[in-house]
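Chemist: Sharing a structure with you now.
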Amino acid sequence: MLRRNVLKSLIGSSPLFSGIVSQLLAASEDPLAPKGTHFPARAKRVIFLFSTGGVSHMDTFDPKPALFAADGKTMGVGGGLSNQQRALQRPLWKYQPGGTCGTQVSDLFPHIREQMDDICLIRSMQSNDNEHYQATLAIHTGSFFFSRPSIGSWLSYGLGTMNSNLPSFIVLAPQLPYAGTLVYANDFLPAYHQGVRVVPGATPIPNLDRRTPQQRVQELELQLAERLNEQHRERHPGQGELAARMRTFETAFHMQSEARDVFDLSRESEETLGLYGLQRGQTDGFGWQCLVARRLAERGVRFIELVDGGSSGNWDSHGDMADHGPRAKAIDRPIAGLLQDLKRLGMLDDTLVVWTTEFGRTPGADGAKGRGHHSACFSSWLAGGGVKGGMAYGQTDELAATVAENPVHVHDFHATILHLLGIDHTRLTYRHGGRDYRLTDVHGKVVQELLA
């Protein structure tokens, strides 16, 4: 406990701290140094947009004219909760073609619809569980029932960081989704691969101000820390864990200057703020999350997750599908703005943007005017980073109840994301408890048809 407290006290101390860390790291390889890929990568980084609660696929990205026509009819349809006899329910929003590709998107997402030429839409996603916790855990970790490292942690472990002054994995989350902190946990991977949560607001990262004790106090702190470190190394020769822990504290030290700049949007133009639907001085909302994500991507953060679950609530619309309206409005313009901004800056080519939810919703009503959980099929999409823009892959049946063509399981989704970053998902492993683990466990295949 004493060592931990002393190390914590170093954050914000004199520049001598950096020198001590450098000496420690010289004796052991930096665990977050950039690593080579298995084959040439198309993407360098990921911006992962997660809409928590279960977005309805037939109300957003999967048009079903037959479902409009079958409104009110009662029948059993396959897949999850919709095996029950429920009255079918028509979508509340009409569909229109988007971009030059003509991909149909509902009126819930008019701004994203305009960007469909850059989006690779998957209409045949599949999961294995209808419960929020399990499905959310799976879309983040590949595991439905047990805690495992998140995809961001796996990428930090497999690729390292491109900026030693910022964490390799950052989560911008006003509220945590189902499964809580497990969505960005490192689990059995070393602790420095865990995601760092940032909560939008006037002070997104607390305690960035440096402590400024008298110089003599600083010197005593540093001398004590160095002595404790030397004693530890003498007792445990060749142990690199101390250097690894100190690597985390070095990152925290440098964040005091660099992170402050990342979250300062005052230099962004009115045009850029407008792309994201932001007012000058605004420090929250999904537009803020998207713009900060772009700024983090510019500075070399490897994996950035944005959790969509703010003041508009999550997407679990059991009572009334009209709830999807304000939730879509909160993210539509910001996401479209992010894609436009990345493209005009020349970053979309090597930045993989991912949008997903944990599962879809039932064709039949659940509650008065809502829909139930539905893991049999749902929609997700990818943009940039080596995917084919302007295409829609896979199909569901006429009622959007089951996958009819080209299923893409969560494991396939993960395998494809890793492939775009130059990683063979079968070779990214970590030995724990006597066996080799990986993000896709013993499953998954790369969906080659999605690759440009």
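The values are calculated or read from the model by the stated rules, or taken from the named source; none is laboratory data. The structure presented is a predicted model; accordingly, all values stated were derived computationally and were not measured. Counting neighbours? That spans all protein chains shown, and the Cβs are built from the backbone with ideal geometry, glycine included.
Chemist: Enumerate the pairs (first residue in region 49-68 and more than 10 Å from Ala400 (Cα to Cα) and free of Cβ contacts under 8 Å to residues at least 40 places away in the same chain; second residue anywhere and buried (at least 24 other Cβ atoms within 10 Å of the Cβ) and not basic (Lys, Arg)) with beta-carbon separation below 9 Å, excluding pairs fewer than 6 apart on the same chain, so at least 6 apart or on different chains.
Modeler: Phe68/Pro91
Chemist: Restricting attention to region 427-449, report how many residues are of a type outside the set (Gly, Ala, Ser), closer than 20 Å to His140 by Cβ and touching a residue at least 12 places away in the same chain (Cβ under 8 Å).
Modeler: 12
Chemist: May I ask you to verify whether Ser18 is outside any loop (DSSP other than H, G, I, E, B), at pLDDT below 80 and either out of contact with any Lys or Arg (no Cβ under 7 Å at 6 or more places or on another chain) or not assigned by TED's automatic domain parsing to the domain that holds Leu399 (or both)?
Modeler: Yes: the conditions hold for Ser18.
Chemist: Among Thr416, Thr402, Thr426, which is the only one that is crowded, with 24+ Cβ neighbours inside 10 Å and assigned by TED's automatic domain parsing to the domain that holds Asp71?
Modeler: Working: Thr402 fails: crowded, with 24+ Cβ neighbours inside 10 Å; Thr426 fails: crowded, with 24+ Cβ neighbours inside 10 Å.
One residue alone meets the criteria, Thr416.
Table: residues versus (1) closer than 22 Å to Ile47 by Cα; (2) crowded, with 19+ Cβ neighbours inside 10 Å; (3) of a type in the set (D, E, K, R).
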residue: Leu88; (1), (2), (3): no, yes, no
residue: Lys94; (1), (2), (3): no, no, yes
residue: Pro110; (1), (2), (3): yes, no, no
residue: Ser127; (1), (2), (3): yes, yes, no
residue: Asn130; (1), (2), (3): no, yes, no
residue: Leu137; (1), (2), (3): yes, yes, no
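Chemist: Confirm whether Gly287 is modelled with pLDDT of 70 or more and farther than 18 Å from Thr203 by Cβ. Steps first, please.
Modeler: On the way: modelled with pLDDT of 70 or more: yes; farther than 18 Å from Thr203 by Cβ: yes.
Here the answer is yes, as Gly287 does meet what is asked.
Chemist: Among the candidates Tyr95, Tyr133, Tyr157, single out the residue that is in the same structural domain as Pro177 (by TED's automatic domain parsing) and under 14 Å from Thr60 (Cα atoms).
Modeler: Tyr95
Chemist: Quick test of your reading of the structure: Ser380 fulfils all but one of (1) part of a loop (DSSP other than H, G, I, E, B); (2) closer than 29 Å to Tyr133 by Cβ; (3) small (Gly, Ala, Ser). Name the failing condition by number.
Modeler: Exception for Ser380: condition (1).
Chemist: A further question follows. Scanning for something under 30 Å from Ala404 (Cβ atoms) and modelled with pLDDT of 95 or more, does region 194-206 turn up at least one residue?
Modeler: Initial filter on region 194-206 (under 30 Å from Ala404 (Cβ atoms)): none.
Taking every residue of region 194-206 in turn, none turns out to be under 30 Å from Ala404 (Cβ atoms) and modelled with pLDDT of 95 or more.
Chemist: Still on this structure: Here are Gly367, Gly346: which of them is at positive phi and either touching a His at 6+ places or on another chain (Cβ under 7 Å) or outside the structural domain of Phe48 (by TED's automatic domain parsing) (or both)?
Modeler: Gly367
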